[in-house]
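Beneath this line is the structure, given in structure tokens, with notes to follow.
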Amino acid sequence: MIDFSLPQELVDLRERVRSFVENEIVPFERDPRLTAHGPTDELRQDLVGLARKAGLLTIQAPRRFGGRELTHIEQAVVYEAAGWSTLGPVAMNCAAPDEANMGLLAKIADPEQQEEFLRPVIEGGARSVFAMTEPGGAGSDPNQLLTEAVRDGDDFVVNGRKWLITGANGALTWIIMARLAPGADGLGGPTLFLTRGDTPGIEVERVMNTMDRNYVEGHGVVTFRDLRLPASAVLGTPGDAFRYAQLRLTPARLTHCMRWLGAADRAHSIAVEHARTRTAFGRPIGEHQGVGFQLADNEIALDNCRLAIWHACWLLDRGEQGRHEASKVKCYVSEELFRVADRCVQVLGGIGVTDETVVEMIFRDIRAFRLYDGPTEVHKHAVARRLLRARTTTPAVPAPAASGIPTPG
């Protein structure tokens with residue numbers, strides 16, 4: 001028997017989060033500090049203050065850091081409620097990239113690194129970045145990593161260039177991926193390094209102009225020029241960066257889906273209300289099949305996305321790796337939610353392409369979401385490879401009869 005009911009405590013938390021976002025956070029969507037490059041850090045700090053006062057700041061954090069240590073299923077429920085406004089996750093400190101970075105540091109950073117680099121992010125006083133993507137190198141294929149780290153005595157010297165580094169401007173905690181040449185110990189290869197954003201050698205060249213504006217301080221272009229790091233800056237084991245990246249990205253793909261499900265549901269609710277009150281040809285436009293069917297498609301898509309997310313979270317909570325399932329969910333949900341947002345724009349008509357509602361912003365942001373943490377094509381490729389490996393013993397077609405004509409079954 002499959003039971004989809006939620007514990008009352010989780011239902012209460014969901015309603016508490018939804019009420020907080022609607023009443024305290026939504027009014028900031030018109031704040032001028034929500035810029036074309038996303039919320040400024042000043043706006044983030046104000047929102048974090050509200051979440052702290054409400055007892056909803058970084059509630060996903062491990063209990064040893066004062067959080068509730070939410071399971072993946074609990075995150076799915078809570079993050080969807082937080083995503084009702086794109087500023088909700090920012091306020092509650094469960095937005096990308098900080099949410100995923102905190103999860104990674106809690107798993108692999110040593111106690112000293114956690115105190116210096118993780119605790120300030122959990123407490124909302126600092127932000128973090130994950131610096132991997134490069135203009136001519138690492139992206140969908142991290143094997144093309146070009147940024148290099150060279151041993152110099154007990155130190156490491158890093159040189160390279162990154163872009164689309166979310167939140168780089170003003171971030172304190174930096175996780176940097178670089179290719180380390182093997183040393184006398186034989187350890188080398190893609191390696192993660194941990195340092196402060198104000199370390200000499202880190203240069204944020206500029207913030208890129210992008211179609212989305214929901215990430216704090218936008219996406220930066222960064223150059224590392226002879227960035228000198230001590231041996232204590234190595235995060236985890238040298239050469240294990242790709243494994244750690246997957247450890248970070250598998251749940252991060254799902255949390256992206258959770259938050260955007262909330263935003264798409266918000267857009268859908270606005271479209272439904274518009275279809276209920278706007279009239280054309282003598283009746284509310286929602287009563288015309290052309291509009292009503294689009295709303296029905298949205299409702300179906302939202303339910304299916306929620307179920308897909310919950311299933312993958314259930315697997316993770318059971319202790320399974322879940323990479324295959326996370327790829328399927330990221331691929332399916334990002335595409336479906338974009339269609340939901342697109343239909344909402346269409347239902348709203350002229351005002352759908354204006355900022356009279358938040359729908360146009362959600363539409364643009366969800367379009368970007370289809371690329372973040374792996375574009376759809378990369379995830380489909382991964383799913384297809386696993387599918388082919390898993391079914392190599394199954395005949396592709398029935399064997400023909402002797403006459404060459406298939407016999408009736």
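The values are calculated or read from the model by the stated rules, or taken from the named source; none is laboratory data. Remember, it's a predicted structure, so these values are computed and weren't measured experimentally. Here the Cβ positions follow ideal geometry from the backbone for every residue, glycine too, while neighbour counts run over all protein chains shown.
Points worth noting:
- The range 232-251, residues that are closer than 30 Å to ALA382 by Cβ, in a helix (DSSP H, G or I) and hydrophobic (A, V, I, L, M, F, W, C): ALA241, PHE242, ALA245, LEU247, LEU249
- So VAL121, is it assigned to a helix (DSSP H, G or I), in contact with a strand residue (DSSP E or B) (Cβ under 9 Å, 6 or more places away or on another chain), outside the structural domain of PRO27 (by TED's automatic domain parsing) and among the β-branched types (Val, Ile, Thr): yes
- Verdict on ASP155 being touching a helix residue (DSSP H, G or I) at 6+ places or on another chain (Cβ under 9 Å), free of Cβ contacts under 8 Å to residues at least 60 places away in the same chain, surrounded by fewer than 19 Cβ atoms within 10 Å (Cβ to Cβ) and among the charged types (D, E, K, R): no
- Scanning the range 158-175 for residues being surrounded by 18 or more Cβ atoms within 10 Å (Cβ to Cβ) and either in contact with a His (Cβ under 6 Å, 6 or more places away or on another chain) or over 30 Å from ARG63 (Cα atoms) (or both) gives a total of 6.
- Scanning the range 197-231 for residues being of a type outside the set (Asp, Glu), under 16 Å from LEU34 (Cα atoms) and part of a loop (DSSP other than H, G, I, E, B) gives a total of 9.
- Screening the candidates ARG243, ARG196 for the property of being more than 17 Å from PRO142 (Cα to Cα) and either surrounded by fewer than 21 Cβ atoms within 10 Å (Cβ to Cβ) or of a type in the set (Val, Ile, Thr) (or both) yields one hit, ARG196.
- Of all residues in the range 36-54, those that are more than 15 Å from ARG213 (Cβ to Cβ) have Cβ atoms under 8 Å from Cβ atoms of residues that are charged (D, E, K, R) and surrounded by 17 or more Cβ atoms within 10 Å (Cβ to Cβ), 6 or more apart or on another chain, in LEU50/GLU24; ALA54/GLU24.
- Screening GLU42, GLU74, GLU69, GLU115 for residues that are within 19 Å of GLY167 (Cα to Cα), acidic (Asp, Glu) and out of contact with any Gly (no Cβ under 6 Å at 6 or more places or on another chain) leaves exactly one candidate, GLU42.
- Candidate set from the range 280-332 (those that are polar (S, T, N, Q) and farther than 24 Å from GLN246 by Cβ); member that is nearest to the chain's Cα centre (by Cα): ASN304
- Positions within the range 1-54 being closer than 21 Å to ALA126 by Cβ, outside any strand (DSSP E or B) and β-branched (Val, Ile, Thr), in sequence order: ILE25, THR40, VAL48
- Taken over the range 16-45, the criterion of being in contact with a Lys or Arg (Cβ under 8 Å, 6 or more places away or on another chain) and not small (Gly, Ala, Ser) is satisfied by LEU34, THR35, HIS37, PRO39, THR40, ASP41, GLU42, LEU43, ARG44.
- Qualifying residue in the range 81-103 (condition: assigned to a loop (DSSP other than H, G, I, E, B) and surrounded by fewer than 20 Cβ atoms within 10 Å (Cβ to Cβ)): no
Residue-wise test of (1) closer than 17 Å to LEU105 by Cβ; (2) of a type in the set (D, E, K, R).
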| residue | (1), (2) |
| --- | --- |
| ALA51 | no, no |
| GLY55 | no, no |
| THR58 | yes, no |
| ALA61 | yes, no |
| GLY67 | yes, no |
| LEU70 | yes, no |
| ILE73 | no, no |
| GLU80 | no, yes |
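- Helices (runs of 4 or more DSSP H) contained in the range 281-372 and holding at least 1 residues in contact (Cβ under 8 Å) with a residue 12 or more places away in the chain, polar (S, T, N, Q) and farther than 30 Å from GLY218 by Cα: 289-317
- For first residues located in the range 183-194 and part of a strand (DSSP E or B), partners that are among the basic types (Lys, Arg) and lie 6+ apart or on another chain with Cβ distances below 7 Å form the pairs GLY189/ARG179; PRO190/ARG179.
- The lone criterion from (1) outside the structural domain of GLY201 (by TED's automatic domain parsing); (2) surrounded by fewer than 16 Cβ atoms within 10 Å (Cβ to Cβ); (3) not hydrophobic (A, V, I, L, M, F, W, C) left unmet by GLU148 is number (1).
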